[in-house]
Amino acid sequence: MISYILRRTLAAVILLLVVTAVTFAIFFVLPRIAGQTTDQLAQQYLGKSPSKADIVAVKHNLGLDQPLYVQYWHFVKGIVAGADYNLGPTTAHCSAPCFGYSFKTHVAVWPKLVDRLPVTISLAAGAAVLWLVSGVVVGVVSALKPRSFFDRTFMGVALAGVSLPMFFTGNLAILLFTYQWPIFGRTYVPLTENPAQWANTLFPAWCSLALLYSAIYARLTRSGMLETMNEDFIRTARAKGLRERVVVSKHGLRAALTPIITVFGMDLGLLLGGAVITETVFSLHGVGEYAVQAITDNDLPPILGVTLLAAFFVVIANLVVDVLYAAADPRVRLS
């Protein structure tokens, strides 16, 4: 088991290096392939109608006049060891991990991400617990009672949940539970300051996300359980006289967990990288809202930083999923 985890960890580190290369190529290589010059890339960091001298200065300060491999080396080195940005009369230091420096707000990207990350983690963690528990429970009960009234009703609700977009369900939740019936607040409060108000503020967003995601988990669980409960080892477990609860939870559900673990890891990793629509709808100042603001302002370094952070969470989520695979199914360790 330890060697399996070490192999997967090494693969995750290599994958992170590949992610940095792909991210760098998207932001700095593809624009050149599309015909954008280094002057045009540098002009994004300046205001309207900049002078030629300003463009040349910014291009030199950002290293855009250097070869691409040198730029990539400085890019990776900045993430690991930090970087210094020449602003003319002054020099701005970006401590490691340096995910870039915004020349429009004159603030390093990483501290802004750290400030906003607790909001995104709170949103993703609470919603993940709701959609995982509700989706798996509904899926198991529907599989144990196929074609029943419960099965048809909840699968219909699941279909409606996965079909409704977040900007509809989110705004509907705000309209009903904030304005029509003022049950929940709208001002985010950190968990450490007031846990009750923290949960009260985030609960509508959790429910909106859970309605969207739990539908997928309910359908996955139902299909997996229907297939698993007809296997020979389930009949053997029942023939041994095991309780039905033990047969369902220990044998049936465990065998059907593999696709659920896969989807859960990917969904949680993507949400930790920023729930863009949800944070915008509920006015939560998280990583996703930070990315939207950067796109609106045409501020490239924050966009690059959010992209790297999201990719990091997805890679780590895949690593955790691989470890959970081995815990749920010992046959994975031998593959």
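The values are calculated or read from the model by the stated rules, or taken from the named source; none is laboratory data. The structure displayed is predicted, hence computed values, not measured ones. With ideal geometry, Cβ positions are generated from the backbone for all residues, glycine too; neighbour counts draw on all protein chains shown. Note: accessible area is taken over every heavy atom of the protein model, side chains too, but ligands, DNA and RNA are not part of it. Shrake-Rupley method; radii C 1.70, N 1.55, O 1.52, S 1.80 Å.
One table, with the values for the structure above:
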quantity: Complete set of residues in the stretch 65-82 that are closer than 20 Å to Leu41 by Cα and hydrophobic (A, V, I, L, M, F, W, C); calculated: Leu68, Val70, Trp73, Phe75, Val76
quantity: Residue in the stretch 79-90 that is open to solvent by 50 Å² or more (accessible area, probe 1.4 Å), assigned to a helix (DSSP H, G or I) and at pLDDT below 90 present; calculated: yes
quantity: Hey, Gly241 in a helix (DSSP H, G or I) and either at pLDDT 85 or above or more than 22 Å from Val315 (Cβ to Cβ) (or both) or not; calculated: no
quantity: Per-region count, the stretch 18-40, residues surrounded by 16 or more Cβ atoms within 10 Å (Cβ to Cβ) and polar (S, T, N, Q); calculated: 3
quantity: Residue among Glu231, Glu244 that is over 23 Å from Tyr325 (Cα atoms) and out of contact with any strand residue (DSSP E or B) (no Cβ under 9 Å at 6 or more places or on another chain); calculated: Glu244
quantity: Helices (runs of 4 or more DSSP H) wholly inside the stretch 104-205 that include at least 2 residues being open to solvent by less than 80 Å² (accessible area, probe 1.4 Å) and under 25 Å from Gln293 (Cβ atoms); calculated: 109-144, 166-174
quantity: The stretch 312-335: number of residues that are open to solvent by less than 20 Å² (accessible area, probe 1.4 Å) and modelled with pLDDT of 85 or more; calculated: 2
quantity: Qualifying residue in the stretch 53-69 (condition: out of contact with any Pro (no Cβ under 8 Å at 6 or more places or on another chain), aliphatic (A, V, I, L, M), open to solvent by less than 80 Å² (accessible area, probe 1.4 Å) and under 30 Å from Val323 (Cα atoms)); calculated: no
quantity: From the options Val119, Val80, residue that is under 25 Å from Val29 (Cβ atoms) and β-branched (Val, Ile, Thr); calculated: Val80
quantity: Subset of the stretch 31-53 (residues that are small (Gly, Ala, Ser) and within 18 Å of Ser102 (Cβ to Cβ)); calculated: Ala42, Gly47
quantity: Failed criterion for Gln43 (all others in (1) at pLDDT below 80; (2) at positive phi; (3) open to solvent by 50 Å² or more (accessible area, probe 1.4 Å) hold); calculated: (2)
quantity: Pairs where the first residue, in the stretch 74-99, is more than 16 Å from Leu309 (Cα to Cα) and the second is at pLDDT below 80 and open to solvent by 30 Å² or more (accessible area, probe 1.4 Å), C-beta under 6 Å, 6+ apart; calculated: Asp84/Thr91; Asn86/Asn61; Ala92/Tyr85
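A quick yes/no check of all residues on (1) outside any helix (DSSP H, G or I); (2) on the phi > 0 side of the Ramachandran plot; (3) buried (at least 19 other Cβ atoms within 10 Å of the Cβ):
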{"residue": "Leu209", "(1), (2), (3)": "no, no, yes"}
{"residue": "Tyr217", "(1), (2), (3)": "no, no, yes"}
{"residue": "Val263", "(1), (2), (3)": "no, no, no"}
{"residue": "Leu268", "(1), (2), (3)": "no, no, yes"}
{"residue": "Gly274", "(1), (2), (3)": "yes, yes, yes"}
{"residue": "Glu279", "(1), (2), (3)": "no, no, yes"}
{"residue": "Ser283", "(1), (2), (3)": "yes, yes, no"}
